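The values are calculated or read from the model by the stated rules, or taken from the named source; none is laboratory data. This structure is a prediction, so every number in the text was calculated from the model and none was measured. With ideal geometry, Cβ positions are generated from the backbone for all residues, glycine too; neighbour counts draw on all protein chains shown. Side chains included, ligands, DNA and RNA excluded: accessible areas come from the protein's heavy atoms. Shrake-Rupley method; radii C 1.70, N 1.55, O 1.52, S 1.80 Å.
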Amino acid sequence: MAVDVKSGILPGGPGEGVEVLVSGSADLATEEMLLNIGPQHPSTHGVLRLVIALDGEMIHSAEPVVGYMHRGFEKMAEVRDYRQIIALVNRHDWLSAFCNELGVVLAVEKLMGLDVPLRAQWIRVMMAEWNRILNHLMFLGSFGLELGAMTPMFYAFREREDIQELMEAATGARLHFTYNRIGGLKEDLPRGFMQHSAALVKKIRHRMDDYAGLLLGNEIFKQRTVGIGKLPGSVAKEFGCSGPILQASGIAEDSRKTEPYLTYDQCEFEVPIGVQGDSFDRFNVLFQRVHQSLSIIEQVHDKMPAGPIMPGKMPKNIKPPEGWIYARTENPLGECGYYLVSKGGKEPWRLKMRTPSFSNVSMLPALLPGNLLPDLIAILGSVFFVVGDVDR
Amino acid sequence: MIAVSQQIFEQYINNVWIIFGLKIVAVVGLFLTAPMVVGYVEHKTLAHMQARLGPMEAGKFHGWAQLIADGVKFIQKEDITPTAADKFVFTIAPGIVMVPAILVFFVVPFGPNGWWAENLDVGVFFALAISSISVIGMLAAGWSSANKFSLIGAVRGAAQLIAYELPLLLATAAVVMQAGTLSLPGIAAAQSHYWYVLPQFAGFMLFIIASLAELSRPPFDMPIADSEIIFGHMTEYTGVKFAFFLLTEYAGIVSLSAIASVLFLGGWQPLPLIKFVPGPLWILGKTGILSFIVIWLRATYPRLREDQLQKMAWKYMIPIALLDILLTGIFKVVF
Amino acid sequence: MSYYWQYGTLGALTAVGGAFVVIAFLGNRLMRPRKPRVEKATTYECGMDPVGEGWSNTHIRYYLFAFLFVIFDVESVFLFPWAVQLEKLRPQGTVLVEMIVFIGILAIGLLYAWKKKVLEWVK
Amino acid sequence: MKAAELSQHLKEATGAIERDEVLNEQLSVWTTSEKWVEVATHLRDCGKCMFDYFTFLSAVDFEDEGFEIVLHVYSIRRQHHINVKLTAPRENPSVPTLSGVWRGANWHERETWEMFGINFEGHPHLVKLYLTEAFEGNPLRKDFLLMTREAKEWPGEQEPKEHAG
């Protein structure tokens, strides 16, 4: 019995009731086994579901089923004013809340032609980079856990705790920062923040050696990841994969570099790229990105100007002029873009969220077939995604 | 006074039936306590290696009673048998897994001069044979659950048996050649001059690696890989049946560490200069160190893939083991 | 006599082990709550209703390893009596050469399997 | 390539560009559904365009003016963006699929289909992505009302000064 998964057998979930095509003959020696990985599975980071057809442990086809976390953010954005949208968008990718806010704020500011004070821009760069490290640490840890090494996860949370403490000092929140405002920031940095931040950069840089020792330098880790799930750059581009996944496939695309926003053009950093786009490269790129972010933060410490954090004169109600704009930022997980259509009201007419995880996950059916079940986990863990970011 | 106690000893304790009973109680008692100790040490060791505290509440002092609390909890848990499962096999599978784990302790010597339940003259052979019966229980559990993850786990467990059993046997065979006996106390006694880890270092490494695979411990925990197949053959088990599997795992760590320390680390034989420490403490210490290494590996390594284990076993471990036997034979005959 | 004692004790221990299992199950039966629900007893498949059944004819990719394993496992059974008696049998050199030939044949078998690419997982 | 140049090039090469507009330094071109796939293929294959990176595809509901379908692609090689737009009627909107041009369009079109009810002709697997099969309506259409908003005024409607009081 062979079951055609492409036709979509999705009982009990979104898409239930789709017809199942059953074909093939009964005298086959082995049969394909249809298996649900997720939504309640230890290694799908939430409620992603994969319907996979297995022959033994070989994957014949895989179809992601999303929508368990669909919250209708795009519809909600149409009935909220711009201040509220800042608090709304930092929720779809909860691991990179600050970077999400940044995208919306940049879009609105550009549409309105607002000039953001320099200090606010530099603080935004610093916070975005801290947020990037916060996000990457999560995946550095969880990828190890998925391959059976449990220690990196705990180390990652130890470091995340430190960073969250730092960001909490400035923003007052640990997960959904809501620190951006249209035109600037909620408030200035607290006293002693820069010293705290500088000390933490040294600490994290030192502790990154732990991960290098436990994972990157580990022979078994290499055995499990090198050459597994090779993603050619052309396929990655076609599916719109971005961030570490695109870079691991050898394409140095990073909007901080190619289309600098904020003050990234005044920072020196490199875009790490991989060679063959396998799981190891993806992990390695993620690892190197943390080091690049740390170096950016150090540069921010040196270059931070004094000054206001909000423009002197701001309209009471934010009403961007009629028009449309696409603003992209390099989020921790890849290109996060907001396509904003305004009709001059205090609410956007349409806010399309182009999230990195959505494109990354949509690529999975092309990448997974032909791999073994244990490799599925090694691939899934290295195609970094957050389910909330897929479903929005 | 001494005379009286000696009289009592001869009258009661020396009675064969009492000794018979004591042996059984001792083995079962050991089976129930040793895994608890190893389990607790694992909790705490992993916790401290991972920059956290581990159990701290149960029993006030550093959570020493955590596993007892766990045991009490397990026995109070609802017992769920899936509707789709083969109920009879599903129920007896934990028993099939656990009873052999008790029997292994039967032949392990814990010191010189009778610190063992029985000195079987095929001791090593018995220990290795009986400990691989657990795999049958594992297969039974995985198959009877009618769960895809369990089935994959059981199939992986069987594949694992194929990979580790031969290196384990061949490494042991080299030690047997050197000692000229199959009895575990005999092998320990034969190491009075030097420990076999020196001439049989390759065998020792093979034995440890193969034991890890037999125990399904990281880096060879593919049959229960929790991030891939939930918990392998144990996925559908709850309550006391699940506890049996866990108990077996930790008992296995103790028994295989003890056997390895008898085969390669001289059993109760002391190191020079500190000979005043009694034999049983030596063997417990060596077992403890080996168990600690097993736990340590869990904090350090990711897991391999099943085909990588096969490749490693057939392309490296078995040829090395055969070479080891050959060299040991030549060594024995020439010297 | 000691032989019977030894294996008698072993038999008794097996029985005690079995009894321990039964007692634990009975104890569990006395202490556990019992609230059966249909959902509780369904097969776990990541929170979804299972697709197909768990007992499918899966492709076991290492069956060739299993054949090899049987051959070598039997060999190792032969190895043990020889290993024990190595020192007692005379002339030792001949005994050793005999075993080398025996192991050699098997080693060549393994080498042959290796060359035939049997030691790869069937894709 | 600069926006004006690119637009000029497209007009000459495809002859299917109805109008173009540059807003906030971003180029938009409008085409028709007949030429939709042809324009997309040209964008991908032409040596001057080289739009190899599929960013997103979605739609905007302009009520009486119909739906505007937006395709945004980017060229990593040439480092330029383009919005290709298309106005579809409100009744039975239908557009040819682009999933044969960029495979990434597959999911984006599925999402647009269920959210706006815009049909994509020739799509290989047009089933709902997020919503359950039983769900009725197309949530991102402007005539799909948010029930909670209809039932109760949202406190967020307050103006900034009202917060103080």
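For the pair B:LEU32 and B:ASN113, what calculated FRET efficiency results from E = 1/(1 + (r/R0)^6), where r is the Cβ-Cβ distance and R0 = 30 Å, to the nearest 0.05? Efficiency computed from Cβ-Cβ geometry: 0.75. With the cut-off at under 18 Å, measuring from each backbone N in region A:119-145 to a point 7 Å along the Cα-to-Cβ line of A:LYS257 picks out A:129, A:132-133.
Surface composition of the protein assembly as shown: carbon plus sulfur atoms contribute 62% of the solvent-accessible area (1.4 Å probe, protein chains only, all chains present). Mean per-residue shielding of peptide B:241-253 is 1, counting Cβ atoms of other chains within 10 Å of each Cβ. Note on C:TYR7/B:ILE136: beta-carbon distance plugged into 1/(1 + (r/R0)^6) with R0 of 22 Å gives a FRET efficiency of 0.55.
Among the listed pairs A:LYS222/B:LYS315; A:LYS222/B:LYS73; A:LYS237/D:LYS2; B:LYS148/C:LYS35; B:LYS332/C:LYS116; A:LYS75/D:LYS152, those with a Cα-Cα distance over 28 Å are A:LYS222/B:LYS73; B:LYS332/C:LYS116. Here each label is just a point 7 Å from Cα along the line to Cβ, and for C:VAL118 and A:GLN276 those points are 2.9 nm apart.
Relative contact order for region D:7-164: what is it in percent, counting Cα pairs under 8 Å that are at least 6 residues apart? Relative contact order of region D:7-164: 16 percent. When Rg and Dmax are taken over the Cα atoms of region B:80-334, they come to 18.7, 64 Å. Think of it as helices only: each DSSP H run of n ≥ 4 in chain A is worth -39500 (n - 2.57), and spread over all residues that comes to -13000 deg cm²/dmol at 222 nm. Long hydrophobic helices in chain B, taken as whole DSSP H segments with a C-alpha length of 27 Å or more on their own axis and mean Kyte-Doolittle hydropathy at least -0.5: B:16-49, B:87-104, B:148-179, B:239-264, B:279-300. Here r is the Cβ-Cβ distance between B:HIS193 and C:MET31 and R0 is 60 Å; the resulting FRET efficiency, rounded to 0.05, is 0.65. Largest first, the three principal axis extents of the alpha carbons in region D:13-96 are 39, 27, 20 Å in whole numbers. Using a simple spin-label model with pseudo-atoms 7 Å out from Cα toward Cβ, C:VAL38 and D:GLU136 lie 2.7 nm apart. Note on the protein assembly as shown: Cα Rg divided by 2.2 N^0.38 Å, N the number of residues, gives 1.10. Are there DSSP H segments in chain A that both extend 18 Å or more along their axis (alpha-carbon positions) and score a mean Kyte-Doolittle hydropathy of at least -1.0? List them, or say none. Span-like helices here: A:97-112, A:118-146, A:151-171, A:193-211, A:279-303. Could you work out how far helix D:36-45 tilts from the main Cα principal axis of chain D, as a 0 to 90 degree angle to the nearest 10? Tilt relative to chain D: about 60 degrees.
Percent of Cα-Cα pairs more than 18 Å apart in region A:222-301, please. Value for region A:222-301 (Cα pairs over 18 Å): 43 percent. Taking all protein chains into account, the per residue accessible area for region D:1-86 stands at 41 Å² (1.4 Å probe).
As a ratio to 2.2 N^0.38 Å, the alpha-carbon radius of gyration for region C:2-115 is 1.93. Fully extending the segment from A:ARG71 to A:ARG174, taken as 0.36 nm per residue of separation minus the present Cα-Cα distance, adds 34.9 nm.
Gyration tensor analysis over the Cα atoms of region A:73-391 returns equivalent ellipsoid semi-axes of 33, 23, 16 Å (largest first, whole Å). Between the helical axis of C:63-85 and the dominant principal axis of chain C, each derived from Cα atoms, what acute angle in degrees is found, rounded to the nearest 10? The answer is roughly 60 degrees. Normalised Debye scattering of region D:3-164 at q = 0.16 Å⁻¹ gives log10 I(q)/I(0) of -0.92, counting only Cα atoms as equal scatterers and leaving out solvent.
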